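Enquirer: I have a structure here, written as structure tokens, and I will follow up with some questions on it.
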Amino acid sequence: MRVLPLWCSFLLAAGVAPLPVFEDISKTAGITFRHSKSGTSRKYLIESVTGGVAMLDYDGDGWLDLYFVNGAELKDPMKAGQVPDKSDPRFWNRLYHNRRDGTFEDVSERAGVRGYGYGMGVAVGDFDNDGRPDMYVTNFGRNILYHNKGDGTFEDVTDRAGVAGGGWSTSAAWVDFDGDGWLDLIVVRYVQWDFEPDIWCGSRSEGYRSYCHPDQFRPNTHLVYRNLGNGTFEDVTRKAGWTESPGKGLGIAFHDFDRDGRIDVLIANDSYPQQLFRNLGNGRFREMAPEAGIAYDDDARTYGGMGVDFADYDNDGWPDVFINALATQRYALYRNEKGMFDYASPKTGVATITKMRSGWGAKFFDYDNDGWKDLLVAQGHVMDNIQLTQPALRYFEPMLLMRNVQGKFVDVSAQSGLPFQVAQAARGAAFGDLNNDGWVDVAVNVNDGPALVLRNCGGNGNHWLIVDTTGTSSNRDGMGVRIHAVPEWGPEQYGIVSSAGSYLSANDKRVHFGLGTATRIKLLEIVWPSGIVQHLENIQADRILSVREPAR
């Protein structure tokens with residue numbers, strides 16, 4: 001029988017929360033990370049958008065660990081050619097090992113993953129198919145590829161692999177876009193910006209500076225690296241057709257939106273048209289967001305796309321899209337109608353709920369295990385002095401939880417626990433089951449603040465299944481595996497193996513299904529990137545199911 005923390009038990013017993021609540025366990029769990037942006041009077045743009053967080057089982061013990069990305073020291077002002085300094089421990093990235101007893105241990109120094117440069121985000125994937133998750137850390141400037149050595153430490157193999165990138169990288173994703181069994185790497189880049197020239201934004205007459213709007217800067221080309229299978233990568237950005245489609249990218253997710261068997265890539269852009277790169281199957285992509293109906297909102301306007309997810313919220317078998325935005329813009333929910341998208345925010349309740357919100361990390365996930373994917377959004381405005389120009393808005397915002405009621409969304413934040421009543425400048429968010437109890441938990445990186453680790457207290461009696469894939473002919477992670485679950489009753493559901501999505505962050509790659517009152521799954525159809533289709537029948541609920549790709 002599952003034992004709940006006392007706080008959770010009290011709320012449930014008192015009848016205060018008929019739905020699951022979340023508890024911030026960061027302090028009791030030993031998560032002492034505090035993000036440091038090193039804010040300056042110059043309002044350097046990089047200060048406002050960092051940083052990400054990852055959930056990964058780096059030591060292979062079956063329990064998810066946590067990795068937080070940090071900023072670096074900025075001088076006020078930064079001189080031409082000067083680089084941010086990460087030597088002070090308060091700016092280190094931090095890796096926390098899950099002790100499996102509800103607590104975590106800081107192993108950053110021993111593991112060798114303190115990072116360098118001004119940190120942004122992190123992507124997780126097994127790029128060399130050795131069974132151990134590796135990490136790609138994005139920065140303003142040079143990025144880092146950490147190879148997992150399997151002994152609790154990581155090795156910086158960036159130079160050997162050829163994936164240092166450059167410019168301002170934000171989110172990244174590991175995905176086998178050419179189906180050769182090796183994970184490729186796509187790196188999202190933001191605007192063309194540097195410390196010099198030092199543009200003044202704000203009001204000189206009133207004597208204050210603000211972070212500059214992205215309209216002040218040119219878009220940047222995203223980077224596409226093809227894995228050559230020998231520990232090195234080839235920059236195929238031009239060859240893959242991405243050079244002619246620059247963006248102002250912040251978030252990335254992938255799915256097979258047109259169900260042609262090839263993985264497509266979605267990028268959230270800030271005050272710039274959103275992008276959908278359709279995989280043409282020959283190592284090339286075509287950007288087709290405008291014709292697919294996903295580039296703009298329902299008024300044909302751009303908006304501040306930041307966090308993103310690509311999943312089937314209405315259980316019809318076609319992956320839908322969520323991209324959040326800044327206050328007054330409304331978050332964008334696009335319903336997939338057989339390969340074309342309809343802006344569904346107004347009709348689903350999302351527009352009304354989010355009109356005055358500013359979102360970052362976000363994900364579709366079934367927080368109450370009822371068979372319908374809900375939406376959690378980490379929030380906070382980008383401008384720390386936004387009230388000077390828009391008095392109705394706030395920089396600090398509490399997180400938002402929208403419950404999916406058969407395709408319509410309801411704001412349940414007020415009844416979901418104390419963490420949803422506390423305002424902060426949240427940025428990256430990662431999602432996964434930290435204690436293997438079948439209820440999805442959340443880790444949040446707060447800009448210039450202490451991290452949050454939200455334990456899902458569950459307790460409503462609903463059942464679940466988690467699927468953990470291992471590829472053989474396909475990439476070992478099984479990234480891109482599509483799963484169709486048919487419970488004994490309740491809605492049929494669809495999922496994809498991916499650690500991408502949200503904002504600057506990496507999620508648990510395991511696929512979670514909430515089953516409501518169903519205690520078994522009649523059929524589980526698994527479609528591997530290799531083309532192999534696997535069928536499993538009569539699967540008992542409330543378990544983590546390990547599935548290995550069968551031989552051809």
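Enquirer: Out of ASP134, ASP184, ASP194, which single residue is acidic (Asp, Glu), within 20 Å of PHE277 (Cβ to Cβ) and either touching a residue at least 12 places away in the same chain (Cβ under 8 Å) or surrounded by fewer than 24 Cβ atoms within 10 Å (Cβ to Cβ) (or both)?
Expert: Only one candidate passes the filter, namely ASP184.
Enquirer: Restricting attention to the range 39-68, report how many residues are closer than 24 Å to GLY307 by Cβ and among the basic types (Lys, Arg).
Expert: Adding up the residues that qualify gives 1.
Enquirer: Please go through the range 368-411 and give me each residue that is surrounded by 19 or more Cβ atoms within 10 Å (Cβ to Cβ), under 30 Å from ALA485 (Cα atoms) and β-branched (Val, Ile, Thr), ordered by number.
Expert: VAL377
Enquirer: Counting only residues that are charged (D, E, K, R) and in contact with a Leu (Cβ under 7 Å, 6 or more places away or on another chain), which one in the range 242-276 is most open to solvent (accessible area, probe 1.4 Å)?
Expert: ASP270
Enquirer: Would you mention how many residues in the range 417-427 are assigned to a helix (DSSP H, G or I) and either small (Gly, Ala, Ser) or open to solvent by 20 Å² or more (accessible area, probe 1.4 Å) (or both)?
Expert: Counting residues in the range 417-427 that are assigned to a helix (DSSP H, G or I) and either small (Gly, Ala, Ser) or open to solvent by 20 Å² or more (accessible area, probe 1.4 Å) (or both) gives 2.
Enquirer: Let me ask something else about it. Just checking, which of ALA430, ALA414 is among the aliphatic types (A, V, I, L, M), outside any loop (DSSP other than H, G, I, E, B), over 27 Å from LEU56 (Cα atoms) and modelled with pLDDT of 95 or more?
Expert: ALA414
Enquirer: Do we find a residue being surrounded by fewer than 18 Cβ atoms within 10 Å (Cβ to Cβ), modelled with pLDDT of 95 or more, part of a strand (DSSP E or B) and in contact with a strand residue (DSSP E or B) (Cβ under 6 Å, 6 or more places away or on another chain) anywhere in the range 203-225?
Expert: yes
Enquirer: Which one is most open to solvent (accessible area, probe 1.4 Å), of the residues in the range 22-44 that are over 25 Å from TYR116 (Cβ atoms) and among the charged types (D, E, K, R)?
Expert: LYS27
Enquirer: Then there is this: Residue check, VAL163 against (1) more than 25 Å from LYS27 (Cβ to Cβ); (2) open to solvent by 40 Å² or more (accessible area, probe 1.4 Å), all met but one. Which one?
Expert: That leaves (2) as the condition not met.
Enquirer: Being small (Gly, Ala, Ser), in contact with an Asp or Glu (Cβ under 9 Å, 6 or more places away or on another chain), open to solvent by less than 20 Å² (accessible area, probe 1.4 Å) and assigned to a loop (DSSP other than H, G, I, E, B) narrows it down to one residue among GLY51, GLY81, GLY71; which is it?
Expert: Exactly one of GLY51, GLY81, GLY71 is small (Gly, Ala, Ser), in contact with an Asp or Glu (Cβ under 9 Å, 6 or more places away or on another chain), open to solvent by less than 20 Å² (accessible area, probe 1.4 Å) and assigned to a loop (DSSP other than H, G, I, E, B), namely GLY71.
Enquirer: Take the residues of the range 231-276 that are part of a strand (DSSP E or B) and over 18 Å from the mean Cα position of the chain (by Cα): which is nearest to ASP134 (Cα to Cα)?
Expert: PHE233
So that you can scan it fast, the table gives a plain yes or no per residue for (1) within 19 Å of the chain's Cα centre (by Cα); (2) buried (at least 23 other Cβ atoms within 10 Å of the Cβ):
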position	(1), (2)
ASP468	yes, no
SER474	no, yes
GLY478	yes, yes
SER499	yes, yes
ARG520	no, no
ASP542	no, no
VAL547	no, no
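Enquirer: When residues of the range 211-260 are filtered for being in contact (Cβ under 8 Å) with a residue 60 or more places away in the chain and among the charged types (D, E, K, R), how many remain?
Expert: 5
Enquirer: Would you mind finding the one in ASP314, ASP297 that is more than 18 Å from LYS338 (Cα to Cα), part of a loop (DSSP other than H, G, I, E, B) and within 22 Å of the chain's Cα centre (by Cα)?
Expert: Of the residues listed, the single one that is more than 18 Å from LYS338 (Cα to Cα), part of a loop (DSSP other than H, G, I, E, B) and within 22 Å of the chain's Cα centre (by Cα) is ASP297.
The values are calculated or read from the model by the stated rules, or taken from the named source; none is laboratory data. All values reported here derive from a predicted model rather than from experimental measurement. Reconstructed Cβ throughout: ideal geometry from the backbone, glycine too, with neighbour counts over all protein chains shown. Side chains are part of the model used for accessible areas, which takes the heavy atoms of the whole protein and leaves out ligands, DNA and RNA. Shrake-Rupley method; radii C 1.70, N 1.55, O 1.52, S 1.80 Å.
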